[in-house]
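These notes concern the structure reproduced below.
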Amino acid sequence: MATFVTSKGENRSFSLKNMSVVNCWKNVAEFLKEFGIEEKMNRTPNKMVDPIPFDKDEKHNESHSVHASNWYTVLLNVDEVFNPSLRV
């Protein structure tokens, strides 16, 4: 499950099970737009052989909960660096 929560308390969620990268990307982009956040992310993975842009990748559709959990931890740490005043 992917859940997005803004500092205003708005939230959206969707299941990652059997979802292709492109569909995940579309959901994330849609949520950001709904939240009024302009998306300007690099759409191509870095440091990969023959990378497929996220918004075109129908090939990969497995969700690995351990990797997702690790990524979530990374995002929380990055958020702490850029928004230290938002934490209590």
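The values are calculated or read from the model by the stated rules, or taken from the named source; none is laboratory data. Source: prediction; values computed, not measured. We place every Cβ from the backbone using ideal geometry, glycine too, and count neighbours over all the protein chains shown. Please note that ligands, DNA and RNA were not included when accessible areas were found on the heavy atoms of the full protein model with its side chains. Shrake-Rupley method; radii C 1.70, N 1.55, O 1.52, S 1.80 Å.
Do you know the relative contact order of the chain, to the nearest whole percent, from alpha carbon pairs under 8 angstrom that are 6+ apart? Could the numbers behind the result be given before it?
Values: 75 pairs, mean separation 23.9, N = 88.
Dividing the mean separation by the residue count of the chain yields 27 percent.
Once every DSSP H run of n ≥ 4 in the chain is given -39500 (n - 2.57) and the sum is divided by its residues, what mean residue ellipticity at 222 nm do you get, rounded to the nearest 500 deg cm²/dmol? Let's see the in-between values first.
Values: 2 runs with 32 residues, N = 88.
Rounded to the nearest 500, it is -12000 deg cm²/dmol.
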Problem - For the chain, accessible area per residue (1.4 Å probe, heavy atoms of protein chains only), Å² - result: 82
Handout entry: Principal-axis tilt of helix 65-82 within the chain, Cα atoms, nearest 10 degrees
Key = 40
Completion exercise
Rounded to the nearest 10, the angle in degrees between the Cα long axis of helix 21-34 and the longest principal axis of the Cα atoms of the chain comes to 30
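When Lys and Arg each count +1 and Asp and Glu each count -1, what net charge do the other residues less than 12 Å away from F35, Cβ to Cβ, add up to?
On the way: positive: K8, R12, K33; negative: E10, E30, E34, E38, E39.
Residues near F35 contribute -2 overall.
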Practice task
Would you work out what percent of the accessible area of the range 1-56, with all protein chains in place, is carbon or sulfur (probe 1.4 Å)?
Solution key: 52
Practice task
Pull up the cross-link candidates among the aspartates and glutamates for K33, meaning alpha carbon to alpha carbon under 20 Å and not fewer than 8 places away within one chain.
Solution key: E10, D55, D79
Completion exercise
Among (i) 3, 12, 17, 25, 24, 12, 5, 1, 0; (ii) 3, 13, 18, 19, 17, 14, 9, 4, 2, 0; (iii) 3, 15, 29, 30, 17, 5, 1, the value of P(r) over Cα pairs in 5 Å bins from 0, in percent computed for this structure carries the label (i)
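Work out how much length N70 to E34 would gain on full extension: take 0.36 nm times their residue separation and subtract the Cα-Cα distance, in nm to one decimal. Walk me through the numbers on the way to the answer.
Numbers: separation 36, 0.36 × 36 = 12.96 nm, distance 2.60 nm.
Full-extension gain reported as 10.4 nm.
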Handout entry: Set of lysines near K26 by C-alpha distance (under 21 Å), chain-local residues within fewer than 8 positions excluded
Key = K17, K40, K56, K59
